[in-house]
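Presented below is the structure to which this report refers.
What follows draws every value from the coordinates through simple rules; no lab data is involved. Nothing here was measured: the structure is a model prediction, and the numbers come from that model. Backbone-built Cβ (ideal geometry, glycine too); neighbour counts: all protein chains shown.
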Amino acid sequence: MSLNLEDLKREIREIKSKFGSDLIILTHHYQRPEIVELGDEVGDSYILCKKAYDSEARYIVFCGVRFMAESAEILRRDNQMVFHPDPFSGCPMADMAESEDVIRAFSQLDEIWGKGSYIPVVYMNSSAEVKSLAGMRDGVVCTSSNADRIVSYALNKGKKVIFLPDEYLGYNTFVKMGLKSSILAYWDYSQEFGGNQPDDIRNKSYVVWKGYCHVHTNFSIEDIESARARFKDCKIVVHPECKPEVVRSADASGSTEFIVNYVKDAPSGSTIVIGTELNLVRRLAQQFKDKTIVELKRSMCPNMFKITLSKLRNTLINLPNLNRVDLPEEVKEYSRLALKRMLEIVG
């Protein structure tokens, strides 16, 4: 017999009560409202990465997409285990940086720039294997909230940078930092030397991988113009995974946590139009009813949406035997180096 929504919630609360401090449920901002309601912590990928790292719980259940649960597994202590309610909840952007393509890119950049002359800056939205490849080369993981600080760290060491896998976060970070356009090149992973002539890359120092998030590239200039026509005094805030022209046309741009705080800090009566994942926008509208909060356009992450109460319940009632996240030790060793470098740089 299938359980209804309230039955599922009640059973999950009972399981949580039974495990007490031995269990922590981490929920990303883009999760369904009922998942966030039952979580112990909610945040963006950076906040949850820190929560996983700091947690003393024996069982860490991560309600997000696969790379987030992998990051918790990489950072966990020996007495902890990490679980992901839907192992098929992946990330298309992370899949745009496959290990073999990254290995080939590093090899070709070794040929052009020289081995050890550059630092890979790898967005959190990447597989554990790609984080590991970066870790082997003194690379660093970044998130949308700290990408500029991580890139600054690399450049201040006198190194060149390859930023992957998000083209738009890479470029928008480049613009935010005020770097010169003459140092920028793009890397199309489907082509030899990223679609460039080696001599064209040689004098560049900032190469951006051509991947993207389908949720955030869904927004356009026309959406911005339409919102301003509908809401005369609105403020528009978007995620830096959006296309550069959308970021330029918005009033503000920042990480998921930045967007949450932007709404929280806005005066009562404000109208805020948000260009990010739909579940977060609607939850903020419910939370801050003294403000008008609307989506720039309906754009939802279907992979985040795969996590359901039923899947969460099934994971919890079968602890520790179902949906445990497991990674090869070598992958964990080097990806942990890249993640810990981030935590050491930005705190």
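Here the extension length gained between Asp188 and Ser99 equals 30.6 nm, from 0.36 nm per residue of separation less the Cα-Cα distance.
Counting beta carbons within 10 Å around each of Val208, Val122 and listing the fewest first gives the order Val208, Val122.
As a proxy for reagent exposure, His214, His28 were ordered by neighbouring Cβ count within 10 angstrom, fewest first; the result is His214, His28. Taking every DSSP bridge with both residues inside the chain, close to 5 percent are antiparallel.
The relative contact order of the stretch 94-212, computed from alpha carbon pairs under 8 Å that lie at least 6 residues apart in sequence, is 29 percent. Gyration tensor analysis over the Cα atoms of the chain returns equivalent ellipsoid semi-axes of 33, 28, 16 Å (largest first, whole Å).
Using R0 = 45 Å, the C-beta based FRET efficiency linking Arg248 and Ser107 works out to 0.80. Less than 5 angstrom separates the built amide H of Cys242 from none of the residues sequence-distant by 5 or more or on a different chain. Under the convention that each Lys and Arg Cβ holds +1 and each Asp and Glu Cβ holds -1, the size of the dipole of the stretch 282-347 around its Cα centre is about 480 debye. For the stretch 94-212, a crude dipole built from +1 on the beta carbon of Lys and Arg and -1 on the beta carbon of Asp and Glu, taken about the Cα centre, is about 660 debye to the nearest 20. For the chain, averaging the sequence separation of C-alpha pairs within contact (under 8 Å, six or more residues apart) and dividing by the residue count gives a relative contact order of 22 percent. Divided by 2.2 N^0.38 Å, where N counts the residues, the Cα radius of gyration of the stretch 94-212 comes to 0.92. Here Glu167, Glu98 are placed in order of increasing Cβ neighbour count within 10 Å, fewest first, which gives Glu98, Glu167.
Evaluated with a Cβ-only charge set (Lys, Arg +1; Asp, Glu -1), the chain carries a dipole of roughly 740 debye about its Cα centre, given to the nearest 20.
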